[in-house]
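Participant: Just passing along the structure, written as structure tokens.
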Amino acid sequence: MSTDTPQQTLTRTTDPQEIAVVGGGMAGTLAALVLARDGHRVTVYERDDTDLPDTADEAFDDWDRRGAPHARQSHAILARLRRILRERAPDVLDELLAQGATELSVERILPPDIADREPRPGDDDLVLLCCRRLTIEWVLRRAVAAEAGVTWQGGVGVAGLLAEGTDVRGLRLDDGTTAEADLVVVGGGRNSPVLDWIAELGGALQPLEEQSEAGIIYLSRFYRLNEGQELPLLTKDGAGGDLGYVAFAGFYGDNRTFSITFGVPTNDRELMAMRDEAAWEAAIRTLTPLEPWTSEGLAEPITGVESMARLRNRIRRFVIDGEPVATGLVVIGDAAVATNPWYGKGCSLAGIAAEELSEALAEHGRDRVALAHAMDAAVRAELEPHYTLAVRQDADRMKLHGAMHDGTEPDPMAVATRDFVYNGLLPATRMDPDVFRAFFRAFNMLDAPDALMADPKVLTAAMQAHATKDERPPAPKLGPERDEFLAVMAGAISA
Ligand SMILES: Cc1cc2nc3c(=O)[nH]c(=O)nc-3n(C[C@H](O)[C@H](O)[C@H](O)COP(=O)(O)OP(=O)(O)OC[C@H]3O[C@@H](n4cnc5c(N)ncnc54)[C@H](O)[C@@H]3O)c2cc1C
């Protein structure tokens, strides 16, 4: 499906299948919702076993989601997933907004120096969803639970696949029982042992996996606005930035919450001092773009400083040399394609996979080989370009951080790329409403990643901005140099 032309092609199936979904996280719930609404009968097996909370705040405070511990980290829900919800399940999008999520449209965040603020075609799509990850997951879970075609098996872990050779016919459960299904969809997340499950089938072909370090550790802290306080909209400098040695961002939440997150390079142990709450609070107050987020009396923290490491980019291929490694099996979400969370793609990638599966099932029905090929093609066309971009960006950033710490000469290509982005592309987005929109569309996965620099207007504007970089005043500093940043934290810890 083209990313340019959203379309709703599906009607309810005339041949409903019994579909077993492993995992009730983002990918599992999105797939269950879409497939049940297509008319299939879906059973979701989710190992976590807690009652569904009554409110978004209860979900954040108490919901036992040990199967998805990153669910309490900052999440941006990109416009691509919002569009999928709007097209596939507008009632769920409405419910999310009713439960306190908000929308951030392109008109609201156009840089202030851009005088032309007229709306453009496509602006309806260009809207971020602002909410905590557990809020959207809770709303999805409730929607799935209310769906007539869905059976929710909470507290039921899956131990492996039930198969005849490599033709998958159902699941083996942790309690030793089995469950048959016409199709198994694995959405077990980034730690899913699905490759082991496939290996146990003993097929001649095994999946191929490619992975690389994201190169950062996530540190996040959540806040709630005090009575009578409001968080101002993005400032001139945006709500985040990259100091060269560390990147940071503010995330709007739901129900008067927000969070602040740092992406700390894995090779910079000193910066991990930020895990100390006093150091953290001092550190965030050194960042100019976050001044409106850190002003006195605005908000109180509602969590400690939460860290998350072992972040990787990873893609798995399940069709090798033109042959599916197994039939009757589709792997979605982080278990299939995972990217550095800093780019905010994961939930949208899960949504795209759910959509693609819906379309592949509509087209191929019970032809299990054709289904495997269709999903492989969909991954290559719709998901892999986003993965490839993340890998490239991370490799460049790690080369620069590596050189910064070793004192070696940085990689010239990585330096040139950063120079072009920071002195060409980004300044151009602040001057031209169409360039800003093109950039924001790419960031939000509404266009394929290569569309941005293939757009002649964007390329010309970025080159012009780059050519005149020395004629502009230097960009305002977003925060201190690293030594000063460390000293501020050390001072706060010893105080
Ligand atoms: C720190 C961090 C920040 C992120 N920020 C963003 C962001 O800003 N925007 C964004 O879009 N994405 C973000 N992501 C990525 C996003 O969270 C993931 O892409 C998304 O959770 C993937 O959904 P999933 O369903 O594949 O996996 P998960 O959401 O992890 O769900 C997997 C589920 O499967 C269950 N499960 C696993 N194995 C079994 C089994 N054997 N039997 C039964 N159940 C099982 C687990 O209990 C879990 O509920 C972030 C990720 C991280 C780590």
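Participant: ILE114 passes all but one of (1) within 11 Å of the ligand (Cβ to nearest atom); (2) of a type in the set (Val, Ile, Thr); (3) surrounded by fewer than 16 Cβ atoms within 10 Å (Cβ to Cβ); which number fails?
Facilitator: Only one criterion in (1) within 11 Å of the ligand (Cβ to nearest atom); (2) of a type in the set (Val, Ile, Thr); (3) surrounded by fewer than 16 Cβ atoms within 10 Å (Cβ to Cβ) is unmet by ILE114, namely (1).
Participant: Hey, among the residues in the range 138-151 that are in contact with a helix residue (DSSP H, G or I) (Cβ under 6 Å, 6 or more places away or on another chain) and part of a loop (DSSP other than H, G, I, E, B), which one's surrounded by the most Cβ atoms within 10 Å (Cβ to Cβ)?
Facilitator: GLY149
Participant: Answer yes or no as to whether THR135 is at pLDDT 95 or above, buried (at least 22 other Cβ atoms within 10 Å of the Cβ) and β-branched (Val, Ile, Thr).
Facilitator: Working: at pLDDT 95 or above: yes; buried (at least 22 other Cβ atoms within 10 Å of the Cβ): yes; β-branched (Val, Ile, Thr): yes.
Answer is yes for this residue.
Participant: For the range 152-221, which strands (runs of 3 or more DSSP E) that fit wholly inside it have 3 or more residues that are in contact with a Lys or Arg (Cβ under 8 Å, 6 or more places away or on another chain)? Talk me through it step by step, then tell me what you get.
Facilitator: Numbers: elements: 158-164, 167-173, 178-180, 183-186, 208-213.
By residue number, 158-164, 208-213.
Participant: Sticking with this structure for a sec: Just checking, does the range 2-24 include any residue being touching a residue at least 24 places away in the same chain (Cβ under 8 Å), more than 19 Å from GLY154 (Cα to Cα), in contact with a strand residue (DSSP E or B) (Cβ under 6 Å, 6 or more places away or on another chain) and among the aliphatic types (A, V, I, L, M)?
Facilitator: There is no residue in the range 2-24 that is touching a residue at least 24 places away in the same chain (Cβ under 8 Å), more than 19 Å from GLY154 (Cα to Cα), in contact with a strand residue (DSSP E or B) (Cβ under 6 Å, 6 or more places away or on another chain) and among the aliphatic types (A, V, I, L, M).
Participant: Next up: Assess whether PHE262 counts as being out of contact with any helix residue (DSSP H, G or I) (no Cβ under 7 Å at 6 or more places or on another chain), in contact (Cβ under 8 Å) with a residue 40 or more places away in the chain and within 16 Å of the ligand (Cβ to nearest atom).
Facilitator: no
Participant: Which residues, taken from the range 140-172, are within 16 Å of the ligand (Cβ to nearest atom) and without any contact (Cβ under 8 Å) to a residue 60 or more places away in the chain?
Facilitator: Across the range 140-172, the qualifying residues are ALA159, GLY160, LEU162, ARG172.
Participant: Do we find that ILE84 is near the ligand (Cβ under 10 Å from one of its atoms) and either free of Cβ contacts under 8 Å to residues at least 40 places away in the same chain or of a type in the set (Val, Ile, Thr) (or both) in this structure? Walk me through how you get there before you give the answer.
Facilitator: Numbers: near the ligand (Cβ under 10 Å from one of its atoms): no; either free of Cβ contacts under 8 Å to residues at least 40 places away in the same chain or of a type in the set (Val, Ile, Thr) (or both): yes.
No, not satisfied.
Participant: Moving to a separate point now. Just checking, how many residues over the range 339-349 are under 13 Å from HIS70 (Cα atoms) and either touching a Phe, Trp or Tyr at 6+ places or on another chain (Cβ under 9 Å) or near the ligand (Cβ under 6 Å from one of its atoms) (or both)? Reasoning before the result, please.
Facilitator: Filtering the range 339-349 for residues under 13 Å from HIS70 (Cα atoms) gives 340-342, 344, 346-347.
So of that shortlist, the ones also either touching a Phe, Trp or Tyr at 6+ places or on another chain (Cβ under 9 Å) or near the ligand (Cβ under 6 Å from one of its atoms) (or both) come out as 341-342, 344, 346-347.
Looking only at that region, the number is 5.
Participant: May I pose another question? Under the condition of being outside any loop (DSSP other than H, G, I, E, B) and under 22 Å from the mean Cα position of the chain (by Cα), which residue from the range 45-57 is nearest to GLY154 (Cα to Cα)?
Facilitator: Going residue by residue through the range 45-57, those that are outside any loop (DSSP other than H, G, I, E, B) are 45-46, 56-57.
Within this subset, residues satisfying the condition of being under 22 Å from the mean Cα position of the chain (by Cα) are 46, 56-57.
Values: GLU46: 5, ALA56: 19, ASP57: 21 Å.
Selected residue: GLU46.
Participant: Run down GLY157, GLY228, GLY189, GLY170 and say which single residue is more than 26 Å from the chain's Cα centre (by Cα) and assigned by TED's automatic domain parsing to the domain that holds ALA31. Spell out the reasoning first.
Facilitator: Values: GLY157 fails: more than 26 Å from the chain's Cα centre (by Cα); GLY228 fails: assigned by TED's automatic domain parsing to the domain that holds ALA31; GLY189 fails: more than 26 Å from the chain's Cα centre (by Cα).
Result of the check over GLY157, GLY228, GLY189, GLY170: GLY170.
Participant: Let me ask you something else. Scan the range 44-73 for residues that are buried (at least 17 other Cβ atoms within 10 Å of the Cβ) and more than 6 Å from the ligand (Cβ to nearest atom) and report the count.
Facilitator: Qualifying residue count for the region: 10.
Participant: Applying the selection to the range 440-495, what residues are closer than 14 Å to ALA428 by Cα, over 27 Å from the mean Cα position of the chain (by Cα), surrounded by 12 or more Cβ atoms within 10 Å (Cβ to Cβ) and touching a residue at least 24 places away in the same chain (Cβ under 8 Å)?
Facilitator: LYS457, ALA461, MET463, GLN464, ALA465, HIS466, LYS469, ALA475
Participant: Can I ask one more? If you check ALA462 against the conditions, is it under 22 Å from ALA115 (Cα atoms), assigned to a helix (DSSP H, G or I) and touching a Pro at 6+ places or on another chain (Cβ under 9 Å)? Reasoning before the result, please.
Facilitator: On the way: under 22 Å from ALA115 (Cα atoms): yes; assigned to a helix (DSSP H, G or I): yes; touching a Pro at 6+ places or on another chain (Cβ under 9 Å): yes.
It is true that ALA462 is under 22 Å from ALA115 (Cα atoms), assigned to a helix (DSSP H, G or I) and touching a Pro at 6+ places or on another chain (Cβ under 9 Å).
Participant: Residues of the range 13-43 being within 12 Å of the ligand (Cβ to nearest atom) and in a helix (DSSP H, G or I), which ones?
Facilitator: Initial filter on the range 13-43 (within 12 Å of the ligand (Cβ to nearest atom)): 20-32, 43.
Matches in the range 13-43: MET26, ALA27, GLY28, THR29, LEU30, ALA31, ALA32.
Participant: Further question: Please indicate, with yes or no, whether at least one residue in the range 216-225 is free of Cβ contacts under 8 Å to residues at least 40 places away in the same chain, surrounded by 16 or more Cβ atoms within 10 Å (Cβ to Cβ) and within 14 Å of the ligand (Cβ to nearest atom).
Facilitator: Taking the range 216-225 as the starting set, the residues that turn out to be free of Cβ contacts under 8 Å to residues at least 40 places away in the same chain are none.
There is no residue in the range 216-225 that is free of Cβ contacts under 8 Å to residues at least 40 places away in the same chain, surrounded by 16 or more Cβ atoms within 10 Å (Cβ to Cβ) and within 14 Å of the ligand (Cβ to nearest atom).
Participant: Across the range 301-326, which residue is surrounded by the most Cβ atoms within 10 Å (Cβ to Cβ) among those that are closer than 24 Å to ARG269 by Cβ and of a type in the set (A, V, I, L, M, F, W, C)?
Facilitator: Across the range 301-326, the extreme among qualifying residues is LEU311.
Rundown of residues vs (1) closer than 21 Å to ALA299 by Cα; (2) in contact with a Ser or Thr (Cβ under 9 Å, 6 or more places away or on another chain); (3) of a type in the set (Gly, Ala, Ser); (4) at pLDDT 95 or above, yes/no style:
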residue	(1), (2), (3), (4)
VAL185	no, no, no, yes
GLY189	no, no, yes, yes
SER192	no, no, yes, yes
LEU201	no, yes, no, yes
TYR218	no, yes, no, yes
ASN226	yes, no, no, yes
LEU234	yes, no, no, no
ALA239	yes, no, yes, no
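The values are calculated or read from the model by the stated rules, or taken from the named source; none is laboratory data. These numbers come from a predicted model, not from an experiment. Positions of Cβ are generated from backbone atoms using ideal geometry, with glycine treated the same way; all protein chains shown enter the neighbour counts.
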